[in-house]
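The values are calculated or read from the model by the stated rules, or taken from the named source; none is laboratory data. Computed from a predicted model, the values in this text were never measured in an experiment. Reconstructed Cβ throughout: ideal geometry from the backbone, glycine too, with neighbour counts over all protein chains shown.
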Amino acid sequence: MIRIKKIVFDVLKPHRPTGLEFASAVAQKCPGSVVNLNVEAVDQNTESVLLRIEGEGLDFDTISNTILELGGSIHSVDEVEVVHLPDSSATG
Amino acid sequence: MFDRARTFLGVTGAHGILRRYLVVNGFDGGLTMLGLIVGFYLSGTTDLRVIIGACVGAAVALAVSGFSSAYISEAAEKQKELRELEQAMIKDMAESIHGRASRWLPVLVAFVNGMSPFVISLVIISPIWAAYMSFELPLPPLESSFLVALAVLFMLGIYIGTVSGFNWFWAGIRALIIALVTSAIIVGLNYL
């Protein structure tokens, strides 16, 4: 089974919600995760941020939908880390 | 429900708008009732049914006016803000939290703007209503309502002072002076 352990998004977002609110909203959808948000550039109405999420078994669709719902736009996925866990049925 | 309201207010930064509408139209309602009460007192009207009818009619008109004017202006303002944000983000944001806030907030703002004068008006005329329902009051009904109106306007002043960081007591006194000046103008006009 393939599990996502880390994923880094390049996101364009409005100033509101703030970085703290944005990262908290993403973390709320990914229990047990660590979310890190770095502001890369600030414009009049928007800001570019690098959103790094680390955890066990992250769900890509949940995270991307949350980003879109918060008004963000995913420019790229800059980094991913996945792990291949052997199926429990095969090991048992 | 409240979480959603808090989120939308956070996204749009509309706390200040809500506060402004609450105070501005609440003050409108308070002064309108004060004017009606002073007018009825000077005209010597004693029929409480007539007084209640006129005051409730004015309160309903203030509520409907407050609701419709705030909804129309806020809906237009929020749509404009959303369009500007969509241009900056280069995408449709109708389904984002911003799009939902732009549809939901005008209703909330309109509700606050409509209800604040209505509720304040009902509070101010409550002694008249109590007298009409044969409750015993320490003062005649119009005088009681006049004092309640002054108290409510003083409280609104205190609220403004608390929000602005201004001395709350002087903010209350300032509101009270406005109320007394309004009453004095009405009394003065009565002698023309």
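For the stretch B:1-48, the set of residues classified as away from every other protein chain (no Cβ under 14 Å), closer than 23 Å to B:R103 by Cα and not hydrophobic (A, V, I, L, M, F, W, C) consists of B:R19, B:R20, B:Y21, B:N25, listed by residue number.
The condition of being surrounded by 16 or more Cβ atoms within 10 Å (Cβ to Cβ) and either closer than 29 Å to A:H75 by Cα or not polar (S, T, N, Q) (or both) holds for only one of B:A61, B:A75, that being B:A75. Can you find a residue that is surrounded by 14 or more Cβ atoms within 10 Å (Cβ to Cβ), under 30 Å from B:A171 (Cβ atoms) and within 14 Å of another protein chain (Cβ to nearest Cβ) anywhere in the stretch B:96-108? Looking through the stretch B:96-108, at least one residue is surrounded by 14 or more Cβ atoms within 10 Å (Cβ to Cβ), under 30 Å from B:A171 (Cβ atoms) and within 14 Å of another protein chain (Cβ to nearest Cβ). Beta carbons closer than 8 Å, at least 6 apart along the sequence or on distinct chains, pair a first residue in the stretch B:65-93 that is more than 14 Å from chain A (Cβ to nearest Cβ) and closer than 15 Å to B:L18 by Cβ with a second that is of a type outside the set (K, R) and surrounded by fewer than 16 Cβ atoms within 10 Å (Cβ to Cβ) for B:Y71/B:V107.
Against the test of being among the aliphatic types (A, V, I, L, M), part of a helix (DSSP H, G or I) and within 28 Å of B:L9 (Cβ to Cβ), the options B:L147, B:L108, B:L176, B:L189 yield a single qualifying residue, B:L108. Within the stretch A:9-34, the residues that satisfy the criterion of being among the hydrophobic types (A, V, I, L, M, F, W, C) and either surrounded by fewer than 18 Cβ atoms within 10 Å (Cβ to Cβ) or over 15 Å from A:D78 (Cβ atoms) (or both) are A:L20, A:F22, A:A23, A:A25, A:V26, A:A27, A:C30, A:V34. Among the residues of the stretch B:124-141, is any in a helix (DSSP H, G or I) and either over 22 Å from B:R49 (Cβ atoms) or among the acidic types (D, E) (or both)? Looking for residues that are in a helix (DSSP H, G or I) and either over 22 Å from B:R49 (Cβ atoms) or among the acidic types (D, E) (or both), one finds none in the stretch B:124-141, hence no. Consider A:T46 against the criteria (1) surrounded by fewer than 17 Cβ atoms within 10 Å (Cβ to Cβ); (2) β-branched (V, I, T); (3) modelled with pLDDT under 95: it satisfies all of them except one. Which criterion is unmet? (1) is the only condition that A:T46 fails. For the stretch B:43-57, a residue qualifies if it is within 19 Å of the chain's Cα centre (by Cα) and free of Cβ contacts under 8 Å to residues at least 12 places away in the same chain, and exactly one does: B:G57.
Only residues that are farther than 17 Å from B:T32 by Cα and in contact (Cβ under 8 Å) with a residue 60 or more places away in the chain were counted in the stretch B:169-192, giving 0.
Looking at the structure I just gave you, is B:L31 modelled with pLDDT of 85 or more and in a helix (DSSP H, G or I)? Reasoning before the result, please.
Numbers: modelled with pLDDT of 85 or more: yes; in a helix (DSSP H, G or I): yes.
It is true that B:L31 is modelled with pLDDT of 85 or more and in a helix (DSSP H, G or I).
Condition check: buried (at least 22 other Cβ atoms within 10 Å of the Cβ) and modelled with pLDDT of 95 or more. Does B:L36 satisfy that?
yes
Inclusion of A:S24 among residues that are closer than 21 Å to B:G99 by Cα and modelled with pLDDT of 95 or more is not warranted.
Listed by first and then second residue, the pairs with beta-carbon distance under 9 Å, at least 6 apart or on different chains, first residue in the stretch B:1-26 and assigned to a helix (DSSP H, G or I) and at pLDDT 85 or above, second among the acidic types (D, E) and surrounded by 14 or more Cβ atoms within 10 Å (Cβ to Cβ), are B:Y21/B:E74. Among the residues making up the stretch B:27-72, those that are small (G, A, S), in contact with a Pro (Cβ under 9 Å, 6 or more places away or on another chain) and over 20 Å from B:I186 (Cα atoms) are B:A63, B:S65, B:G66, B:A70. The strands (runs of 3 or more DSSP E) found entirely in the stretch A:7-92 that carry 1 or more residues being touching a residue at least 60 places away in the same chain (Cβ under 8 Å) and either more than 14 Å from chain B (Cβ to nearest Cβ) or within 11 Å of the chain's Cα centre (by Cα) (or both) are A:73-84.
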